[in-house]
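Chemist: So that we are looking at the same thing, I have put the structure below in structure tokens.
The values are calculated or read from the model by the stated rules, or taken from the named source; none is laboratory data. It should be emphasised that the depicted structure is a prediction, and the values quoted were computed from it without experimental measurement. So basically every Cβ, Gly included, is an ideal-geometry build from the backbone, and we count neighbours across all protein chains shown. Areas reflect the complete protein model, heavy atoms only, side chains present, ligands, DNA and RNA absent. Shrake-Rupley method; radii C 1.70, N 1.55, O 1.52, S 1.80 Å.
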Amino acid sequence: MKVRKILFPTDLSPESEAAKNFAKVLAKKHGAELLLLHEVLTHAHDFRQLGDLLTDFLDKLEADARARLEEECKGLKNAGLVASCIVERNPSAYEAIKDKIEEWEPDVVVMGTHGRSGVDRWIVGSVAEKIVRHAPVPVVTVRSDAKPVSKIDKILVPVDFSDNSRRAVAAAAQLKGTKGSLGLLHVVLNPAFAGLHPEEYIRVFGVDPSLPDRLRDRMKDWMEGQPFEADVREADDVADCILQATREKKPDLVVMGTRGLTGLDYFLMGSVAEKVVRFSPVAVLCVK
């Protein structure tokens, strides 16, 4: 995965600072061009009633946003980065970002996420999560409360041995560079049915004690001699197990393959990757 162009959509909120910091570190590590994008949203306003007053208001919002982005670009350039900015108007942040991805063809998109859950997520949704599901390029999401990073060397890759996971491993291997470290994590989902007694639940590793070793061997085959750390766990919830491993290992980045669930599958089943995106304490790169 070559990183030459990074798109950073920002709402200019304090919550976007962690994502901006990650985009800056990623751009510096790979010598990539960084484009800052801000959309002045018009969907909440009724042009027919407000007329010229609304036009003046939007003009001021756009001018203020452009001044802030230009100041941020100046700071990035002073730090030795190639950076530029764009301010536009659009009724939909998601559509605007999607169009810019198609037009500018970045290698990766870096976005902040507020990590919505519960009713807010189902009703409002998340622009970042929609981009993760639909973007044709890898997307990095960074929660607003994520710890700032100064490097991207230690990478954790949860794998399920699918083609999506193989692409995630390949991307992580390129991103870590020659001095970084790479960890692979596979979570075996315990079946949700009881054993002979109500208090007895089936544990996969208890039934097949050799399974962890066989899974580690499979990881070695995947890595083809490259150094890595193998971690195999069993759990009742795959996403929760990945999040726990992330808190324990404290990587700079989690890289995951995603199938990009949409429609009924998304609402009924959800997605392991998207749950990790919402709650991960570190940045998450989703690769299709």
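Chemist: List every residue pair whose Cβ atoms sit under 6 Å apart, with the two residues 6 or more apart in sequence or on different chains, where the first one lies in segment 220-233 and is among the β-branched types (Val, Ile, Thr) and the second, anywhere, is open to solvent by less than 40 Å² (accessible area, probe 1.4 Å).
Modeler: Matching pairs, first to second residue: Val232/His186; Val232/Pro212; Val232/Leu215.
Chemist: Within segment 3-25, track down each residue that is assigned to a loop (DSSP other than H, G, I, E, B), open to solvent by 20 Å² or more (accessible area, probe 1.4 Å) and closer than 18 Å to Pro138 by Cα.
Modeler: Hit for segment 3-25 is Arg4, nothing else.
Chemist: Something else about it: Considering every residue within segment 218-240, establish whether at least one is among the small types (Gly, Ala, Ser), within 22 Å of the chain's Cα centre (by Cα) and at negative phi. Can you show your working first?
Modeler: Taking segment 218-240 and keeping what is among the small types (Gly, Ala, Ser), we get 225, 230, 235, 239.
From the residues that got through so far, the ones that are within 22 Å of the chain's Cα centre (by Cα) too are 239.
Going one step further and asking which of them are at negative phi, we end up with 239.
The answer is yes; a qualifying residue exists.
Chemist: In segment 76-90, which residues are more than 22 Å from Val127 (Cα to Cα) and either open to solvent by less than 40 Å² (accessible area, probe 1.4 Å) or among the basic types (Lys, Arg) (or both)?
Modeler: Leu76, Lys77, Leu81, Ala83
Chemist: I'd like the full set of residues that are modelled with pLDDT of 90 or more and more than 11 Å from Cys286 (Cβ to Cβ), limited to segment 115-142.
Modeler: Pro136, Val142
Chemist: Okay, moving on. Could you check segment 26-35 and list, in sequence order, the residues that are in a helix (DSSP H, G or I) and not basic (Lys, Arg)? Talk me through it step by step, then tell me what you get.
Modeler: First, pick out the residues of segment 26-35 that are in a helix (DSSP H, G or I): 26-30.
The answer is Leu26, Ala27, His30.
Chemist: May I pose another question? Scan segment 85-107 and report the pairs whose first residue is part of a strand (DSSP E or B) and whose second residue is open to solvent by 60 Å² or more (accessible area, probe 1.4 Å) and of a type outside the set (Asp, Glu), with Cβ atoms within less than 7 Å and a gap of 6+ or a chain change.
Modeler: From segment 85-107, the pairs are Val87/Arg66; Asn90/Leu41.
Chemist: Then there's this: In segment 251-284, which residues are modelled with pLDDT of 85 or more, assigned to a loop (DSSP other than H, G, I, E, B) and open to solvent by 10 Å² or more (accessible area, probe 1.4 Å)?
Modeler: Listed by number, the residues that qualify are Asp252, Pro281, Val282.
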